[in-house]
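A.B. asks: Sending over a structure as C-alpha coordinates; questions will come in a sec.
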Amino acid sequence: MADPAPTLSPAELARYSRHLLLGEIGVEGQHKLARARVLVVGAGGLGSPAALYLAAAGVGTLGIADFDTVADHNLQRQLLHETASVGEAKVASAARRLRATNPFITVVEHAEGITPANAVSIFSTYDAIVDGTDNFASRYLNNDAASLTQKPLVYGSVFKFEGQVSVFDPARGGPCYRCLFPEPPAAGSVPGCGEAGVLGALCGVIGSLQALEVVKLISGIGRSLVGRLLTYNALAQEFQTLTLRRDPHCPRCGHTPTITAIDTKTYAPACATPATPNLPPMNDDYPLEISVSAAQQLLDQSPCAVMLVDVREPYEVEIAAVRGAECIPMGDIPSRVRDLPRDEHLLIMCHHGGRSMRVTSFLRSQGFTAVTNIAGGIDAWAEQIDPALRRY
Ligand SMILES: [Zn+2]
(Lines give C-alpha, C1' and ligand atoms only; values in the text may rest on other atoms or scores of the structure.)
Protein backbone atom coordinates (compact mmCIF):
# COMPACT_ATOMS: atom_id res chain seq x y z
CA MET A 1 0.00 0.00 0.00
CA ALA A 2 2.95 2.32 -0.60
CA ASP A 3 1.75 3.68 -3.95
CA PRO A 4 1.44 7.46 -4.24
CA ALA A 5 -2.01 8.59 -3.17
CA PRO A 6 -4.38 8.47 -6.11
CA THR A 7 -6.38 11.58 -6.72
CA LEU A 8 -10.06 11.22 -6.13
CA SER A 9 -12.13 13.00 -8.75
CA PRO A 10 -14.90 15.42 -7.75
CA ALA A 11 -17.41 12.71 -8.67
CA GLU A 12 -15.67 10.26 -6.34
CA LEU A 13 -15.41 12.80 -3.53
CA ALA A 14 -19.16 13.37 -3.87
CA ARG A 15 -19.88 9.64 -3.92
CA TYR A 16 -17.84 8.97 -0.76
CA SER A 17 -18.90 12.14 1.08
CA ARG A 18 -20.51 10.20 3.94
CA HIS A 19 -17.16 8.46 4.53
CA LEU A 20 -15.28 11.75 4.25
CA LEU A 21 -17.54 13.27 6.89
CA LEU A 22 -16.34 10.62 9.34
CA GLY A 23 -13.24 12.12 10.91
CA GLU A 24 -11.79 8.63 11.48
CA ILE A 25 -11.88 7.86 7.75
CA GLY A 26 -11.77 11.24 5.98
CA VAL A 27 -9.93 11.86 2.72
CA GLU A 28 -6.86 9.97 3.92
CA GLY A 29 -8.87 6.86 4.78
CA GLN A 30 -10.72 7.03 1.49
CA HIS A 31 -7.40 7.16 -0.35
CA LYS A 32 -6.27 4.07 1.57
CA LEU A 33 -9.43 2.30 0.45
CA ALA A 34 -8.84 3.37 -3.16
CA ARG A 35 -5.30 1.95 -3.03
CA ALA A 36 -6.36 -1.30 -1.40
CA ARG A 37 -6.64 -4.69 -3.10
CA VAL A 38 -9.13 -7.04 -1.45
CA LEU A 39 -10.01 -10.57 -2.54
CA VAL A 40 -13.42 -12.06 -1.76
CA VAL A 41 -13.29 -15.86 -1.96
CA GLY A 42 -16.75 -17.17 -2.79
CA ALA A 43 -19.45 -15.09 -4.50
CA GLY A 44 -22.18 -16.67 -2.39
CA GLY A 45 -24.18 -15.89 0.73
CA LEU A 46 -21.34 -14.16 2.61
CA GLY A 47 -19.37 -12.94 -0.40
CA SER A 48 -22.44 -11.13 -1.76
CA PRO A 49 -22.97 -8.58 1.02
CA ALA A 50 -19.22 -8.37 1.72
CA ALA A 51 -18.33 -7.59 -1.90
CA LEU A 52 -21.27 -5.21 -2.38
CA TYR A 53 -20.26 -3.13 0.65
CA LEU A 54 -16.57 -3.17 -0.28
CA ALA A 55 -17.35 -2.09 -3.84
CA ALA A 56 -19.65 0.67 -2.63
CA ALA A 57 -17.02 1.75 -0.08
CA GLY A 58 -14.54 2.38 -2.88
CA VAL A 59 -12.03 -0.46 -2.39
CA GLY A 60 -9.92 0.24 -5.48
CA THR A 61 -9.30 -3.32 -6.60
CA LEU A 62 -11.81 -5.99 -5.67
CA GLY A 63 -11.09 -9.60 -6.66
CA ILE A 64 -13.87 -12.18 -6.80
CA ALA A 65 -12.97 -15.88 -6.84
CA ASP A 66 -15.57 -18.56 -7.50
CA PHE A 67 -15.65 -21.57 -9.84
CA ASP A 68 -19.39 -22.13 -9.56
CA THR A 69 -22.39 -21.09 -11.63
CA VAL A 70 -25.55 -19.38 -10.37
CA ALA A 71 -28.37 -21.78 -9.43
CA ASP A 72 -32.01 -21.11 -8.52
CA HIS A 73 -31.48 -22.06 -4.89
CA ASN A 74 -28.68 -19.48 -4.51
CA LEU A 75 -31.05 -16.56 -5.01
CA GLN A 76 -32.61 -16.90 -1.54
CA ARG A 77 -29.49 -15.26 -0.06
CA GLN A 78 -26.80 -14.52 -2.69
CA LEU A 79 -27.75 -10.95 -3.52
CA LEU A 80 -24.98 -10.43 -6.09
CA HIS A 81 -26.97 -12.59 -8.51
CA GLU A 82 -30.39 -12.24 -10.07
CA THR A 83 -32.90 -14.57 -11.64
CA ALA A 84 -31.66 -13.80 -15.15
CA SER A 85 -28.14 -14.90 -14.09
CA VAL A 86 -29.08 -18.53 -13.38
CA GLY A 87 -26.63 -20.75 -15.26
CA GLU A 88 -24.05 -17.98 -15.63
CA ALA A 89 -20.60 -18.09 -13.98
CA LYS A 90 -20.88 -16.50 -10.53
CA VAL A 91 -17.81 -14.32 -11.07
CA ALA A 92 -19.32 -12.87 -14.26
CA SER A 93 -22.67 -12.20 -12.62
CA ALA A 94 -20.96 -10.74 -9.53
CA ALA A 95 -18.55 -8.55 -11.51
CA ARG A 96 -21.39 -7.08 -13.56
CA ARG A 97 -23.32 -6.18 -10.41
CA LEU A 98 -20.26 -4.74 -8.62
CA ARG A 99 -19.23 -2.62 -11.61
CA ALA A 100 -22.78 -1.30 -11.83
CA THR A 101 -22.61 -0.45 -8.12
CA ASN A 102 -19.31 1.43 -8.46
CA PRO A 103 -17.75 2.20 -11.86
CA PHE A 104 -14.74 3.82 -10.14
CA ILE A 105 -13.27 0.52 -8.93
CA THR A 106 -11.52 -2.34 -10.72
CA VAL A 107 -13.16 -5.75 -10.36
CA VAL A 108 -10.92 -8.75 -11.06
CA GLU A 109 -12.58 -12.09 -11.90
CA HIS A 110 -10.93 -15.35 -10.78
CA ALA A 111 -13.23 -17.77 -12.58
CA GLU A 112 -11.32 -20.90 -11.59
CA GLY A 113 -11.91 -20.14 -7.91
CA ILE A 114 -9.21 -20.61 -5.29
CA THR A 115 -7.47 -23.99 -5.59
CA PRO A 116 -4.45 -25.52 -3.85
CA ALA A 117 -2.51 -24.83 -7.05
CA ASN A 118 -3.31 -21.10 -7.34
CA ALA A 119 -4.09 -19.96 -3.77
CA VAL A 120 -0.64 -18.66 -2.82
CA SER A 121 0.04 -16.84 -6.09
CA ILE A 122 -3.41 -15.16 -6.10
CA PHE A 123 -3.42 -14.29 -2.38
CA SER A 124 0.03 -12.71 -2.63
CA THR A 125 -1.32 -10.01 -4.97
CA TYR A 126 -3.93 -8.79 -2.44
CA ASP A 127 -3.81 -6.86 0.86
CA ALA A 128 -6.62 -8.73 2.60
CA ILE A 129 -8.66 -11.88 1.98
CA VAL A 130 -12.36 -12.31 2.80
CA ASP A 131 -13.36 -15.94 3.34
CA GLY A 132 -16.89 -16.33 2.02
CA THR A 133 -16.66 -20.08 1.41
CA ASP A 134 -18.97 -22.65 2.92
CA ASN A 135 -16.91 -25.80 3.32
CA PHE A 136 -14.04 -27.02 5.44
CA ALA A 137 -11.66 -27.86 2.60
CA SER A 138 -11.78 -24.27 1.33
CA ARG A 139 -11.60 -22.83 4.83
CA TYR A 140 -8.37 -24.69 5.66
CA LEU A 141 -6.91 -23.85 2.25
CA ASN A 142 -7.76 -20.15 2.67
CA ASN A 143 -6.31 -20.17 6.18
CA ASP A 144 -3.06 -21.82 5.20
CA ALA A 145 -2.54 -19.74 2.04
CA ALA A 146 -3.40 -16.45 3.79
CA SER A 147 -1.04 -17.22 6.64
CA LEU A 148 1.76 -18.37 4.28
CA THR A 149 1.44 -15.10 2.32
CA GLN A 150 1.06 -13.10 5.57
CA LYS A 151 -2.29 -11.62 4.60
CA PRO A 152 -5.09 -10.99 7.08
CA LEU A 153 -7.99 -13.43 6.56
CA VAL A 154 -11.42 -12.06 7.43
CA TYR A 155 -13.30 -15.20 8.31
CA GLY A 156 -17.06 -15.65 8.42
CA SER A 157 -19.33 -18.66 8.62
CA VAL A 158 -23.04 -19.34 8.97
CA PHE A 159 -24.98 -22.40 10.00
CA LYS A 160 -28.77 -22.41 10.25
CA PHE A 161 -29.43 -19.43 12.57
CA GLU A 162 -25.91 -18.82 13.85
CA GLY A 163 -22.90 -17.03 12.49
CA GLN A 164 -19.27 -16.33 13.39
CA VAL A 165 -16.75 -13.68 12.38
CA SER A 166 -13.06 -13.29 13.16
CA VAL A 167 -9.84 -11.98 11.64
CA PHE A 168 -7.00 -14.50 11.42
CA ASP A 169 -3.69 -12.73 11.13
CA PRO A 170 -0.70 -14.63 12.59
CA ALA A 171 1.70 -12.22 10.83
CA ARG A 172 0.48 -9.53 13.24
CA GLY A 173 0.35 -11.73 16.31
CA GLY A 174 -3.15 -13.20 16.14
CA PRO A 175 -4.18 -16.83 15.96
CA CYS A 176 -5.17 -18.65 12.78
CA TYR A 177 -8.10 -20.95 12.05
CA ARG A 178 -5.97 -24.00 12.81
CA CYS A 179 -5.20 -22.63 16.28
CA LEU A 180 -8.92 -23.21 16.94
CA PHE A 181 -9.41 -26.33 14.85
CA PRO A 182 -6.07 -27.97 13.97
CA GLU A 183 -7.58 -30.53 11.58
CA PRO A 184 -10.75 -30.69 9.47
CA PRO A 185 -13.62 -32.65 11.03
CA ALA A 186 -14.08 -36.26 9.97
CA ALA A 187 -15.76 -36.49 6.60
CA GLY A 188 -19.49 -36.87 6.97
CA SER A 189 -19.57 -35.74 10.61
CA VAL A 190 -20.83 -32.29 9.71
CA PRO A 191 -23.63 -31.29 7.42
CA GLY A 192 -22.42 -29.58 4.30
CA CYS A 193 -22.86 -29.50 0.56
CA GLY A 194 -26.27 -27.98 0.74
CA GLU A 195 -27.68 -30.29 3.40
CA ALA A 196 -27.98 -27.67 6.13
CA GLY A 197 -30.35 -24.77 5.83
CA VAL A 198 -29.40 -21.14 6.38
CA LEU A 199 -31.44 -18.00 6.91
CA GLY A 200 -30.71 -15.57 4.06
CA ALA A 201 -30.66 -12.38 6.13
CA LEU A 202 -28.17 -14.02 8.53
CA CYS A 203 -25.68 -14.12 5.63
CA GLY A 204 -26.35 -10.38 5.27
CA VAL A 205 -25.38 -9.79 8.90
CA ILE A 206 -22.19 -11.88 8.82
CA GLY A 207 -21.02 -10.80 5.35
CA SER A 208 -21.57 -7.14 6.28
CA LEU A 209 -19.52 -7.62 9.46
CA GLN A 210 -16.73 -9.07 7.32
CA ALA A 211 -16.83 -6.00 5.03
CA LEU A 212 -16.73 -3.79 8.13
CA GLU A 213 -13.62 -5.56 9.43
CA VAL A 214 -11.90 -5.08 6.05
CA VAL A 215 -12.69 -1.35 6.01
CA LYS A 216 -11.34 -1.05 9.58
CA LEU A 217 -8.15 -2.96 8.70
CA ILE A 218 -7.46 -0.84 5.62
CA SER A 219 -8.25 2.52 7.14
CA GLY A 220 -6.57 1.55 10.42
CA ILE A 221 -9.46 2.47 12.67
CA GLY A 222 -11.11 0.76 15.63
CA ARG A 223 -10.27 -2.54 17.26
CA SER A 224 -10.21 -5.45 14.85
CA LEU A 225 -11.43 -8.96 15.57
CA VAL A 226 -7.85 -10.29 15.54
CA GLY A 227 -7.72 -12.65 18.53
CA ARG A 228 -11.47 -12.56 19.04
CA LEU A 229 -14.39 -14.60 17.70
CA LEU A 230 -17.69 -12.79 17.35
CA THR A 231 -20.63 -15.18 17.47
CA TYR A 232 -24.18 -14.24 16.55
CA ASN A 233 -27.41 -16.05 17.33
CA ALA A 234 -30.13 -14.74 15.04
CA LEU A 235 -33.02 -16.37 16.92
CA ALA A 236 -32.00 -14.87 20.26
CA GLN A 237 -30.61 -11.69 18.64
CA GLU A 238 -27.46 -12.07 20.73
CA PHE A 239 -23.83 -11.35 19.98
CA GLN A 240 -20.97 -12.78 22.03
CA THR A 241 -17.26 -12.12 21.79
CA LEU A 242 -14.84 -14.87 22.76
CA THR A 243 -11.11 -14.37 23.20
CA LEU A 244 -8.99 -16.59 20.97
CA ARG A 245 -5.46 -17.54 21.83
CA ARG A 246 -2.68 -18.49 19.53
CA ASP A 247 -1.77 -22.16 19.90
CA PRO A 248 2.02 -22.55 20.20
CA HIS A 249 1.57 -26.07 18.82
CA CYS A 250 -0.54 -24.92 15.85
CA PRO A 251 0.49 -26.93 12.76
CA ARG A 252 0.47 -23.73 10.66
CA CYS A 253 1.47 -20.78 12.85
CA GLY A 254 2.98 -22.50 15.91
CA HIS A 255 6.64 -22.62 16.97
CA THR A 256 7.40 -25.64 14.78
CA PRO A 257 4.82 -25.60 12.00
CA THR A 258 4.29 -28.77 9.99
CA ILE A 259 2.35 -26.99 7.24
CA THR A 260 4.94 -24.88 5.44
CA ALA A 261 3.52 -25.03 1.92
CA ILE A 262 0.23 -25.88 0.24
CA ASP A 263 0.14 -29.64 -0.32
CA THR A 264 -2.42 -30.09 -3.08
CA LYS A 265 -3.44 -33.52 -1.78
CA THR A 266 -4.57 -32.43 1.67
CA TYR A 267 -7.57 -30.22 0.85
CA ALA A 268 -10.19 -32.79 -0.13
CA PRO A 269 -13.82 -31.78 0.42
CA ALA A 270 -14.97 -32.88 3.88
CA CYS A 271 -18.55 -33.26 2.77
CA ALA A 272 -17.94 -35.95 0.19
CA THR A 273 -18.98 -39.46 1.07
CA PRO A 274 -18.84 -39.89 4.84
CA ALA A 275 -16.24 -42.15 6.35
CA THR A 276 -17.13 -45.80 6.50
CA PRO A 277 -18.18 -46.67 10.04
CA ASN A 278 -17.70 -50.01 11.78
CA LEU A 279 -20.20 -52.30 10.13
CA PRO A 280 -21.08 -55.98 9.95
CA PRO A 281 -18.99 -57.98 7.45
CA MET A 282 -19.67 -57.00 3.89
CA ASN A 283 -21.59 -59.23 1.55
CA ASP A 284 -20.39 -58.88 -2.05
CA ASP A 285 -23.98 -58.88 -3.28
CA TYR A 286 -24.77 -55.84 -1.17
CA PRO A 287 -21.94 -53.30 -1.30
CA LEU A 288 -22.03 -50.33 1.04
CA GLU A 289 -22.34 -47.92 -1.86
CA ILE A 290 -23.09 -48.06 -5.58
CA SER A 291 -23.32 -45.54 -8.42
CA VAL A 292 -26.61 -44.19 -9.74
CA SER A 293 -26.23 -46.22 -12.93
CA ALA A 294 -25.68 -49.43 -10.96
CA ALA A 295 -28.73 -48.58 -8.85
CA GLN A 296 -30.86 -48.02 -11.93
CA GLN A 297 -29.73 -51.37 -13.35
CA LEU A 298 -30.71 -53.18 -10.15
CA LEU A 299 -34.12 -51.50 -10.12
CA ASP A 300 -34.72 -52.39 -13.78
CA GLN A 301 -33.51 -55.98 -13.45
CA SER A 302 -35.29 -57.00 -10.27
CA PRO A 303 -37.97 -54.48 -9.34
CA CYS A 304 -39.58 -56.88 -6.83
CA ALA A 305 -36.37 -57.66 -4.96
CA VAL A 306 -35.07 -54.11 -4.75
CA MET A 307 -36.63 -51.20 -2.88
CA LEU A 308 -35.61 -47.59 -3.44
CA VAL A 309 -35.86 -45.55 -0.22
CA ASP A 310 -35.66 -41.76 -0.52
CA VAL A 311 -34.72 -40.24 2.86
CA ARG A 312 -35.03 -36.58 1.88
CA GLU A 313 -37.57 -34.17 3.38
CA PRO A 314 -41.08 -33.94 1.85
CA TYR A 315 -40.41 -30.49 0.36
CA GLU A 316 -37.37 -31.90 -1.44
CA VAL A 317 -39.42 -34.78 -2.81
CA GLU A 318 -41.83 -32.18 -4.19
CA ILE A 319 -38.98 -30.52 -6.09
CA ALA A 320 -37.84 -33.78 -7.68
CA ALA A 321 -38.24 -37.50 -7.09
CA VAL A 322 -37.39 -40.79 -8.74
CA ARG A 323 -40.56 -42.65 -9.69
CA GLY A 324 -41.42 -45.57 -7.44
CA ALA A 325 -39.28 -44.49 -4.49
CA GLU A 326 -40.56 -45.01 -0.96
CA CYS A 327 -40.18 -41.67 0.80
CA ILE A 328 -39.17 -41.76 4.47
CA PRO A 329 -37.39 -38.63 5.78
CA MET A 330 -34.12 -39.45 7.58
CA GLY A 331 -35.51 -38.38 10.95
CA ASP A 332 -38.36 -40.90 10.70
CA ILE A 333 -36.13 -43.88 9.86
CA PRO A 334 -35.54 -45.05 13.48
CA SER A 335 -39.29 -45.24 14.17
CA ARG A 336 -40.00 -46.87 10.80
CA VAL A 337 -37.31 -49.57 10.95
CA ARG A 338 -39.91 -52.27 11.56
CA ASP A 339 -41.77 -51.31 8.38
CA LEU A 340 -38.71 -51.90 6.21
CA PRO A 341 -38.45 -55.33 4.54
CA ARG A 342 -35.42 -57.44 5.45
CA ASP A 343 -35.86 -59.72 2.43
CA GLU A 344 -35.40 -56.96 -0.15
CA HIS A 345 -32.28 -55.06 -1.19
CA LEU A 346 -32.74 -51.52 0.12
CA LEU A 347 -31.17 -48.75 -1.98
CA ILE A 348 -30.97 -45.55 0.05
CA MET A 349 -31.01 -42.19 -1.68
CA CYS A 350 -30.90 -38.55 -0.60
CA HIS A 351 -29.82 -35.28 -2.24
CA HIS A 352 -26.04 -35.77 -2.54
CA GLY A 353 -25.38 -39.07 -0.77
CA GLY A 354 -24.44 -37.83 2.73
CA ARG A 355 -27.67 -38.34 4.65
CA SER A 356 -28.36 -41.61 2.83
CA MET A 357 -24.94 -42.93 3.90
CA ARG A 358 -25.81 -42.17 7.52
CA VAL A 359 -29.11 -44.01 7.10
CA THR A 360 -27.32 -46.91 5.40
CA SER A 361 -24.87 -47.14 8.31
CA PHE A 362 -27.71 -46.90 10.82
CA LEU A 363 -29.70 -49.71 9.13
CA ARG A 364 -26.63 -51.94 9.00
CA SER A 365 -26.12 -51.31 12.70
CA GLN A 366 -29.71 -52.52 13.14
CA GLY A 367 -28.84 -55.83 11.46
CA PHE A 368 -29.86 -55.06 7.87
CA THR A 369 -27.25 -56.54 5.50
CA ALA A 370 -28.95 -55.89 2.16
CA VAL A 371 -28.74 -52.13 2.31
CA THR A 372 -26.71 -49.93 -0.02
CA ASN A 373 -26.15 -46.21 -0.36
CA ILE A 374 -26.60 -44.53 -3.73
CA ALA A 375 -23.53 -42.33 -4.26
CA GLY A 376 -24.28 -38.78 -5.33
CA GLY A 377 -28.00 -39.07 -4.57
CA ILE A 378 -30.75 -37.64 -6.71
CA ASP A 379 -28.41 -34.90 -7.91
CA ALA A 380 -26.20 -37.49 -9.61
CA TRP A 381 -29.36 -39.25 -10.82
CA ALA A 382 -30.50 -36.00 -12.49
CA GLU A 383 -27.06 -35.47 -13.97
CA GLN A 384 -26.47 -38.97 -15.29
CA ILE A 385 -29.80 -40.78 -15.62
CA ASP A 386 -32.74 -38.40 -15.94
CA PRO A 387 -31.93 -34.82 -17.04
CA ALA A 388 -35.64 -33.96 -16.77
CA LEU A 389 -35.35 -34.04 -12.95
CA ARG A 390 -35.12 -30.57 -11.43
CA ARG A 391 -31.80 -29.97 -9.63
CA TYR A 392 -31.60 -27.84 -6.52
ZN1 LIG B 1 -2.44 -21.15 14.04
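A.B. asks: May I ask you to list, by number, the DSSP H helices of the chain whose Cα span along the axis is at least 20 Å and whose average Kyte-Doolittle hydropathy reaches -0.5 or more?
C.D. replies: Helices meeting the span and hydropathy rule in the chain are 200-219.
A.B. asks: Tell me the label-point distance for the pair R390, R223, using the 7 Å Cα-to-Cβ offset, in nm and rounded to one decimal.
C.D. replies: 5.0
A.B. asks: Report the charge-dipole magnitude of the chain in Debye, nearest 20, computed about the Cα centre from +1 at each Lys and Arg Cβ and -1 at each Asp and Glu Cβ.
C.D. replies: The dipole of the chain has a size of about 1400 debye.
A.B. asks: Sorted from largest to smallest, which semi-axis lengths in Å does the alpha carbon gyration tensor of segment 279-392 give for its equivalent ellipsoid, taking the root of 5 times each eigenvalue?
C.D. replies: Result for segment 279-392: semi-axes of 21, 16, 12 Å.
A.B. asks: Which of F159, H19, S365 sits farthest toward the positive end of the charge dipole of the chain, with +1 on the Cβ of Lys and Arg and -1 on the Cβ of Asp and Glu?
C.D. replies: H19
A.B. asks: For K32, list the aspartates and glutamates whose Cα falls under 18 Å from its own Cα; do not include residues on the same chain fewer than 8 positions away.
C.D. replies: In chain and number order, the partners are D3, E12, E24, D127, E213.
A.B. asks: Here is a follow-up. So if R0 is 45 Å, what FRET efficiency would R246 and Q366 give, r being the distance between their Cβ atoms, rounded to the nearest 0.05?
C.D. replies: Once rounded, the FRET efficiency stands at 0.50.
A.B. asks: Placing unit charges on C-beta atoms (Lys and Arg positive, Asp and Glu negative, everything else neutral), compute the dipole magnitude of segment 312-392 about its Cα centre in debye, rounded to 20.
C.D. replies: So the magnitude is around 220 debye.
A.B. asks: In whole Å, what are the extents of the chain along the principal axes defined by its C-alpha atoms, from largest to smallest?
C.D. replies: 76, 50, 41
A.B. asks: Can you tell me the order of 232-243, 49-60 when each peptide is scored by its average per-residue count of other Cβ atoms within 10 angstrom, highest first?
C.D. replies: Top to bottom by mean Cβ count within 10 Å: 49-60, 232-243.
A.B. asks: Let me spell out the model: positive unit charges on the Cβ of Lys and Arg, negative unit charges on the Cβ of Asp and Glu, origin at the Cα centre of segment 336-379. What dipole size does that give, in debye rounded to 20?
C.D. replies: It works out to roughly 200 debye.
A.B. asks: Just to compare against my own numbers: the Cα pair-distance distribution for segment 350-392, 10 Å bins, whole % per bin, please.
C.D. replies: 33, 40, 22, 6
A.B. asks: With every protein chain left in place and a probe of 1.4 Å, what is the accessible surface of L209, to the nearest 10 Å²?
C.D. replies: Spelled out: L209, probe radius 1.4 Å, area about 40 Å².
A.B. asks: Among Y53, A65, Y315, whose Cα projects farthest towards the positive end of the dipole of the chain, with charges put on the beta-carbon of Lys, Arg (+1) and Asp, Glu (-1)?
C.D. replies: The residue sitting farthest along the positive end of the dipole is Y53.
A.B. asks: Just need the relative contact order of segment 336-377 here, percent rounded to a whole number, with Cα pairs under 8 Å and 6+ apart.
C.D. replies: Reported as a whole number, the value is 50 percent.
A.B. asks: Now, a different point. Tell me, in nm to one decimal, what length is gained between Y315 and L21 on full extension, where the rule is 0.36 nm per residue of separation less the Cα-Cα distance?
C.D. replies: In short, 100.9 nm is gained.
A.B. asks: Right, another one. Run through the DSSP bridge list for segment 52-188 and note the antiparallel percent, rounded to the nearest 5.
C.D. replies: That works out to approximately 50 percent antiparallel.
The values are calculated or read from the model by the stated rules, or taken from the named source; none is laboratory data. Bear in mind the structure is a predicted one, so any value in this text is a computation, not a measurement. Counting neighbours? That spans all protein chains shown, and the Cβs are built from the backbone with ideal geometry, glycine included. Areas reflect the complete protein model, heavy atoms only, side chains present, ligands, DNA and RNA absent. Shrake-Rupley method; radii C 1.70, N 1.55, O 1.52, S 1.80 Å.
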